[in-house]
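Here the structure comes first, spelled out in structure tokens, and everything after it is commentary.
Any read-out appearing in this document is the output of simple, stated calculations on the displayed coordinates, not a laboratory observation. These figures come from a predicted structure and were not determined experimentally. A quick note on method: Cβ atoms are made from the backbone with ideal geometry, for glycine too, and the neighbour counts reach across all protein chains shown.
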Amino acid sequence: MEQSENEDLMDDKKNVSVDPLLLGQMSKQLQNILAIRGDLSLKVAKRVTFITRFNMIVFGSIAISFLLFMIIMATKINTLTNTVNTMNTIFINMTNDMLVMQKHVAHMESKVSTLPAMQKDLVSMEKTMHNMDNSFTEMQNSLNNVQNDVDRISNPIEKLNQLLGL
């Protein structure tokens with residue numbers, strides 16, 4: 001059975017007629033398609049090559065920059081270390097100074113805390129001084145009165161002394 005089918009197919013192929021003009025057009029279209037495909041492949045290859053070159057240049061630049069950075073860091077590491085150590089020392093000193101300042105401020109606060117009581121005492125002393133001033137004024141008036149009384153009493157004795165010649 002297989003043989004008969006193969007023979008039928010062979011007979012069909014023999015009976016097929018091919019138009020040479022149509023065959024030529026198909027050949028030209030196939031060549032055009034293949035040419036377009038080749039041009040597209042060439043464009044893609046050029047783009048891929050450009051992108052690859054660009055990426056390699058960028059990565060090369062980054063690598064060179066990193067290498068320069070490493071060289072600079074290697075040559076300046078001592079300076080950087082010394083600077084950081086100096087800054088650390090300065091910050092430690094500042095911290096110590098701040099602690100001392102905090103102690104002084106606390107001491108000042110303890111001294112200043114007595115000021116309100118001292119102010120009350122000073123107000124009380126001022127009132128007392130005012131009272132004393134009033135007392136001295138009254139005493140002065142009393143002494144003036146005593147002086148006037150003594151002068152009045154001594155007036156007749158003075159006249160007697162003048163008469164007696166004393």
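Some notes on this structure:
- Computed [θ] at 222 nm, helices only, for the chain once each DSSP H run of length n ≥ 4 contributes -39500 (n - 2.57): -35500 deg cm²/dmol
- What separates the Cα centres of segment 22-73 and segment 104-127 is a distance of 89 Å.
- Under 30 Å, Cα to Cα: Lys pairs in the chain, sequence gap 8 or more or different chains: 8
- Label sites at residue 161 and residue 131, each approximated as a point 7 angstrom past Cα along Cα to Cβ, lie 4.2 nm apart.
- For the chain, the average shadow cast by the Cα convex hull is 42.0 nm², which is a quarter of the hull's surface.
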